[in-house]
Amino acid sequence: MSSRLWGRFISPMDHELLKGNLDMKYQRIILIIGILILGSYFVWSNYFSQEALEKRIEYEQGYKINNQQEIEVEFNFDPSWIPKEDEATNKINRIIYEGYSSVIYLESVTNRSGPYITVEFLIKPTYSYEGGEYLSSYIIEKDPRGFRSLIINCYEKNAQQGYNLSLCSYFGSGPGKLFGIYLNRQLLSSVDHPITIKLGPLNLIKYTKS
């Protein structure tokens, strides 16, 4: 086919029309890809993300809570974490416990001006789409649906004297997965080495897909 004949088939006007059709085709493809991406994100964020799984498990939407069991955990507290100045806070962010698909962080230690030191903890569970277990500082009530914070006690574990019940006490829970304890400043003043503290009860929640 000669170039003269080819020019009859692809004129400048035809070329512009063809280019416009291709541009529209590409725009449709981009639009479809965008819709697929948004749809995939919607499904992931509402069904598979950790935030979505937490909500679905707690409200038993596609999941069933089979058991809730109170347990205790132990960790070592280092008095050197206590700030020297009153009302000062040390950010520790140290893992003190791992188990039951959960990690507990010792977030911070605050030197209060009164007789107590406050210690804050954060529980970070990893939820499974297939079912599993995790730790929480509250109990899930089923009828009516609600959440009840546990009164988390703490004791110093001492090999010679057993458990010292006066070293620490419950501070509070929330927001979210935070909870805290008080430590007795006077009892800690004579300690220059890490001490073992037992926390509990925490709630071990077991769940399955329904």
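Structure summary
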quantity: Residues of segment 87-130 satisfying the condition of being on the phi > 0 side of the Ramachandran plot and touching an Asp or Glu at 6+ places or on another chain (Cβ under 9 Å); calculated: N93, Y100, S101
quantity: Single residue of S80, S45, S40 found to be at pLDDT 85 or above and assigned to a helix (DSSP H, G or I); calculated: S80
quantity: Sole residue being over 29 Å from K209 (Cα atoms), in the same structural domain as G174 (by TED's automatic domain parsing) and outside any helix (DSSP H, G or I), chosen from V109, V73; calculated: V109
quantity: Flag for Y100 being modelled with pLDDT under 95 and either of a type in the set (V, I, T) or in the same structural domain as V73 (by TED's automatic domain parsing) (or both); calculated: no
quantity: Residue match in segment 145-153 (condition: within 30 Å of F48 (Cβ to Cβ) and crowded, with 16+ Cβ neighbours inside 10 Å); calculated: yes
quantity: Of all residues making up segment 57-94, the number that are exposed (fewer than 12 other Cβ atoms within 10 Å of the Cβ) and under 17 Å from the mean Cα position of the chain (by Cα); calculated: 1
quantity: Exclusive hit being free of Cβ contacts under 8 Å to residues at least 60 places away in the same chain and either more than 16 Å from K177 (Cβ to Cβ) or out of contact with any Asp or Glu (no Cβ under 7 Å at 6 or more places or on another chain) (or both), set K142, K84; calculated: K84
quantity: Long-range neighbours under 9 Å by Cβ, at least six apart or interchain, first residue assigned by TED's automatic domain parsing to the domain that holds P115 within segment 174-195, second basic (K, R); calculated: K177/K124; Y182/R112; R185/R112; I195/K157
quantity: Residue within segment 117-127 that is hydroxyl-bearing (S, T, Y), exposed (fewer than 15 other Cβ atoms within 10 Å of the Cβ) and at pLDDT below 90 present; calculated: no
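The values are calculated or read from the model by the stated rules, or taken from the named source; none is laboratory data. Owing to the predicted nature of the structure, the values given are computational and were not obtained by experimental measurement. Please note: Cβ atoms are built from the backbone with ideal geometry, for glycine as well, and neighbour counts cover all protein chains shown.
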